[in-house]
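These notes are about the structure you will find just below.
None of the figures in this text is laboratory data; all of them are computed from the coordinates on show. All of these numbers come straight from a predicted model, not from anything done at the bench. Virtual Cβ from ideal backbone geometry, glycine too; neighbours counted across all protein chains shown.
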């Protein structure tokens, strides 16, 4: 067992630790491509509308705009006839 700093750990503790051996399996430091793609696809996405506040008057305008466009087009078509 390699000792990095002999002054911080007492010798009795070193003797007890030297009795045990630990096999550490190799840990891959880089994910494979399939895991990277899966992480990208399942990553949570922030809502772009959270930064913008939608007021009730803006919501009413959004709902009434198509009706106004249809009325304007139909009135214009009737005037051209």
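Brief remarks follow.
- Projected label distance in nm at residue 13 and residue 63, using a 7 Å step from Cα toward the beta-carbon: 6.9 nm
- Taking label points 7 Å from Cα along the Cα-to-Cβ direction, residue 39 and residue 23 give a separation of 2.8 nm.
- Listed peptides 19-26, 34-41 by packing density, highest first (mean Cβ within 10 Å): 34-41, 19-26
- Here semi-axes √(5λ) of the Cα gyration tensor in Å was calculated from the structure, and among (1) 27, 20, 11; (2) 75, 19, 8; (3) 20, 13, 13 it sits at label (2).
- Over the chain, dividing the summed -39,500 (n - 2.57) contributions of all DSSP H runs of at least 4 residues by the number of residues returns a 222 nm mean residue ellipticity of -16500 deg cm²/dmol.
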